[in-house]
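Okay, so here's the structure we're looking at.
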Amino acid sequence: MAAPVPTGIPVSVHWHRAALGTDEALRRHLADDLTPLPGADLRIGHLCPRCGGSDHGRPWARAGERTIAVSAARAGGYLVTAAGLPPVPRIGVDIERADAAPIDPTLVLHRDESGQDVLQVWVAKEAILKMLGVGLSVPMPSIRVADFSVHDLPAPAGLLARVCVNSPPRRQCDLVEPGVEEVAQRPSADLLCQ
Ligand SMILES: CC(C)(COP(=O)(O)OP(=O)(O)OC[C@H]1O[C@@H](n2cnc3c(N)ncnc32)[C@H](O)[C@@H]1OP(=O)(O)O)[C@@H](O)C(=O)NCCC(=O)NCCS
């Protein structure tokens, strides 16, 4: 099922049953969305930024010579796939059940985010950390949602969904990880559709 996403970001989102594997879900998603590239050789895989393994970690996709930013998340019986259509170079998506167990705010909120809804921030930060490719190895309190380009997504009842597309921090954040500087350098005008 394709879902509309907020205008202004070149992102497409598809919802699948959770039992469908990520690779197959991305294959179906991109086969639908890449019709302008008929016959393009579609390749999908994973690459773990920690160990270099190709059977887990960050998903990737290529159609012919073109790299397509992709991300995936599972919760509440759903698997969501998000694809960043050119020129989005990186994307992260997360979904969580709205009735998820309470999370300790000190594990999630930056000092500037006190009082914010912990679950909403969690979903945003997982999307950010997937966009960066670093996963939960980076402590959530070390980043601020406001420093990234995060968007709410329409979701099935009972789920929260957010997507993050590559965008430079509006302010310098505390996060210092390999690759983050490179992400932060890119001009936002290159990343967001008008
Ligand atoms: C990425 C992560 C935040 C996902 O959180 P989660 O709540 O467990 O699972 P979600 O349903 O939200 O997302 C799972 C999807 O995230 C994606 N993912 C996994 N690692 C990722 C990474 N480093 N960057 C971006 N996306 C990643 C995958 O597509 C995965 O689904 P798949 O394996 O079926 O393809 C978390 O698993 C994590 O931090 N992983 C990294 C752990 C690590 O570095 N391990 C080292 C192993 S050598």
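All of the numbers you see were taken from the coordinates with simple rules; none came from a lab. Keep in mind that this is a model prediction, so the values were computed, not measured. Because the Cβ atoms are built from the backbone with ideal geometry, glycine has one as well, and the counts that use them run over all protein chains shown.
Here are some notes:
- Cα gyration tensor, region 8-180 - rounded (a/c under 1.5), prolate or oblate: prolate
- Sorted ascending by nearby beta carbons within 10 Å, beginning with the fewest, Cys51, Cys164 become Cys51, Cys164.
- Each Lys or Arg adds one and each Asp or Glu subtracts one; over the other residues with Cβ under 9 Å from the Cβ of His14, this totals -1.
- Calculated translational diffusion coefficient of region 104-154 (10 °C, 1.306 mPa s; Stokes-Einstein with Kirkwood radius over alpha-carbon pairs) equals 145 µm²/s.
- Burial ranking of peptide ranges 9-21, 116-128 (average Cβ count within 10 Å, highest at the top): 116-128, 9-21
- Simple Cβ-charge dipole of region 8-180, Lys/Arg +1 and Asp/Glu -1, about Cα centre, in debye nearest 20: 280 debye
- A Förster radius of 30 Å combined with the Cβ-Cβ distance from Asp117 to Ala18 puts the calculated FRET efficiency at roughly 0.75.
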